[in-house]
1. Just grab the label-to-label distance for residue 841 and residue 219, each label 7 Å out from Cα along the Cβ direction, in nm (one decimal).
2. Mind giving me the FRET efficiency for residue 348 and residue 820? R0 is 30 Å, r the Cβ-Cβ distance, nearest 0.05 is fine.
3. Full extension from residue 861 to residue 831: what is 0.36 nm times the residue separation minus their Cα-Cα distance, to one decimal in nm?
4. Peptides 246-258, 821-833: what's the order by average Cβ count within 10 Å, highest mean first?
5. What accessible area per residue comes out for the chain, rounded to a whole number of Å², with a 1.4 Å probe?
6. Can you list the HN-Hα couplings for the stretch 741-755, worked out from phi with the Karplus curve (6.51, -1.76, 1.60; θ = phi - 60°), rounded to whole Hz and with x for Gly and Pro?
7. Give me the number: length gained by fully extending residue 793 to residue 488, i.e. 0.36 nm times residue separation minus the C-alpha to C-alpha distance, one decimal in nm.
8. With labels modelled as points extended 7 Å from the Cα through the Cβ direction, what inter-label distance (nm, one decimal) is found for residue 319 paired with residue 756?
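The values are calculated or read from the model by the stated rules, or taken from the named source; none is laboratory data. Note that the coordinates shown come from a computational prediction; the quantities given were computed from them, not determined experimentally. Methodologically, a virtual Cβ is constructed for each residue, glycine included, from the backbone with ideal geometry; neighbour enumeration extends over all protein chains shown. Remember, those area values only see protein heavy atoms, side chains included, never the ligands or the DNA or RNA. Shrake-Rupley method; radii C 1.70, N 1.55, O 1.52, S 1.80 Å.
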Amino acid sequence: MKPKNPQIPYTVDELFAPGKPKRYRGRQLDQIAFPLGGIGTGSIALGGWGQLRDFEIFNRPSKGLIFDYTFFTLYARPEGGEAVTRVLQAPVGGDNFTDDGSGATKRASGAGLPHFRHGVFEGAFPFARLYLEDARVPLRVTLEAYNPFIPLNPDDSGLPIAIFNFTLYNPTDTPVETVLFANLENKLGYPETGGSVIEVYRSDRLRGLKMSTRKHPPESPRYGTLALVTTHRDVQFQTHWLRQGWFDSLEQFWRYASQGTLEENTESAFREDHPDIGSIALRTTVPPQTEVRLPVWIVWHIPNFEMYWSSVQPKPVWKNYYATLYEDAIAVAEYVAEHIDRLEGETRAFASALWSSTLPEAVLDAVSSQISILKTTTCLRLPDGTFYGFEGCGMTFGCCEGTCTHVWNYAQALAYLFPSLERSIREKDYAINLHANGHMTFRMPLPLGTIPEPTFHAAADGQMGGILKVYRDWQICGNDEWLRALWESVKRALEYAWREWDKDKDGVMEGVQHNTYDIEFHGPNTMMGSFYLGALRAAEEMARYLGETEKAEEYRRVYESGRAWMDEHLFNGEYYIHEVRPASPEMSTDPQSPQFPRYQLGKGCLSDQLIGQWYARMLRLGDLFHPEHVRRALQSVFRYNWKSDLSEHVNCQRIYALNDEAGLLLATWPHGERPLFPFPYSDEVWTGIEYQVASHLIYEGFVEEGLAIVKGVRDRYTGEWRNPWNEFECGNHYARAMASYALLLALSDFFYSAPRASLRFAPRIHPEDFACFFSVDSGWGMVRQTFGEGYKRAEVQVSRGSLRVKEVQLGFGGEHVQVWLGRTPVSVQAVSLPDGGIQLSLAEMVTVGQGQTLVIEVWGSD
């Protein structure tokens, strides 16, 4: 069945069918790089056929960096049969070639050795799974790789470790002698390697190798430690490979591995000039019709972060947050070994909750894949635990530092999954970036505590968005003292608008407005204007809560004035335009004139023209503009800006989508009057704005259109040409893409106000059988809705933590209501809502504890 909108080329089933983890095969494996690492630790990537790539553990991006001969190998010999040895990878594919132009495949990856004949990669973040089969191998092999990811627990989600679990299943009737080999190059000090030390490590919990460097002192940014360890007991060790020229070292390793053993040595190995390779071998026998799991962990500890982009000499250096908790890589490994059952169990609980959501496939794909950004070099944790982010990552450098307020405006995942980290951004933003007159610097400088000079424009969208984010973060956590501590700063930041952008206090920004397009809009527009109105509404709500009624009324008056003016003067019947007001009388107002101000929108249709209204929908702040105008404007954005085929699109700017791919353009000029030189990026496609618009469309009831945009995005990231776990803009793993989390909020219509202990969810799809993950500061779990014969049921299940509830809003109603917490009935008063839903006020506050379910059953005509 086709959607109602003929512009959508997908079927209804393609848009709405509940999702499951995607599997990749063949050329889809080529560009896969699944990040394995903690928040603020860097990561190692698991490639599509099982290779380890992109070792970005040295406190900066390092796309393309591999550790030589660092791979896994399997030896298997059935009882009475012939042994077979394979690198634990699928056939080599993709752009796996050297950069020297020789055409030779990278030997150090083990590419020239026998591999499994078939491989399928499954991505179900935070887990990656590789299924390997080979007719000559008597075992079926599954590699599962992950790093602990536990909502509300940033420290355990910030461990510098990659965990590899190999499950070996023996489908035969004969026992299979098995050896799993794991190799790791000691590349410590990179790019100044050498002074390699590798030692055997044994403890009550672990066996393996610990690696260090004598070339660099402990205070150096090149200093660090590594560990290659396992909890398996039967282990061989090799502290260094053969140290000879040509291809002898790999030849020797393979000769021994093919016999099911290592050239074992256990003495401490030191090498001055080059890195050594160390190996461990895990030995076991897999009984018939049985499976065995063998774990291998790669752990890193690079404690000293160098501000490599600084022009100051010597460059500033500070401790990574994780280095304040753990002395070295072995200390990390021992902590994980002690807590592995809990770390793995809670990570699986999160994955189970997320992936049992009945959200469409493209939505689950978008949400899950882009929260992986938190595990990349885009994100840091400073010595006191403060979260800090680049916009994205170049190949070897962070792109645009400072947790840029106008880019991170779009990202929603961190605020819900790790609210304490999001709050740390707000705290430092107002402590460091806010100046006495209310001007805010939109990039926080480092080292932490450096006060920036206000020598450039404040970002209108970033500064107003920050106020909405304070309101959001307070709603999520309910900490009134936290709000009070920031409140005077919030007011100063908001009222700076009356100094700079809205000097007549009429609710309309007329001044020069720097924004996320890296230019300044001159004159009224609803991109900045909707942020401003949203900030006024949020500030009004906070002021009323804190007892500042006069201030709340002042914000309300300015808001009402601005709302009325923009609806009357900027809405053209289809969408909201930008009224360009040149800064000087010599400039022209004709967009075709060379004297027209450069880099403006003018009468174009901007995709994120209503971003403040998007925030207002997420935070239940109401209609910032006339609701019908909002709906028409979003319909116009989809009609004019979304292209199901970009083959005819002219783009002289940066190219993120092309050919017959679908994408949402940042702006179009449907009725002409495109400026000679429109704002930069206007012809580009940014996934973060695609997700922002898609989720806003869903909030306004245009579900098919929103899902079409999402499917168009994820159809571009299928592994052949782009990595599904790396949506890029100005850099890899671009933070704006975490706007995808808003899709989950929009489709479930989930909102929780911790100060009021008020919960709402009203699914916009599959209302008869709906399930969705949720997370707020106090706990996380699932919301469910089911319709049976004669009744409708809603459930709030808490998997971890707890949830205080005094009020519940649902999207359906009825004559009779019963509420239970477990088996205990809860007294309730019900009131019908204008939208056909129901509001339930519980007689007493209830706390839904870990493992408990709040059940609401409604029956009778609604």
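1. In this crude spin-label approximation the distance works out to 6.4 nm.
2. Using R0 = 30 Å, I get an efficiency of 0.60.
3. This chain segment gains 9.4 nm when fully extended.
4. Going by the mean number of other Cβ atoms within 10 Å, highest first, we get 246-258, 821-833.
5. 35
6. These are the phi-based 3J(HN,Hα) values: 4, 5, 4, 4, 5, 5, 5, 8, 6, 8, 8, 10, 9, 5, x Hz.
7. Going from the current span to full extension adds 105.4 nm.
8. Roughly 4.4 nm, to one decimal.
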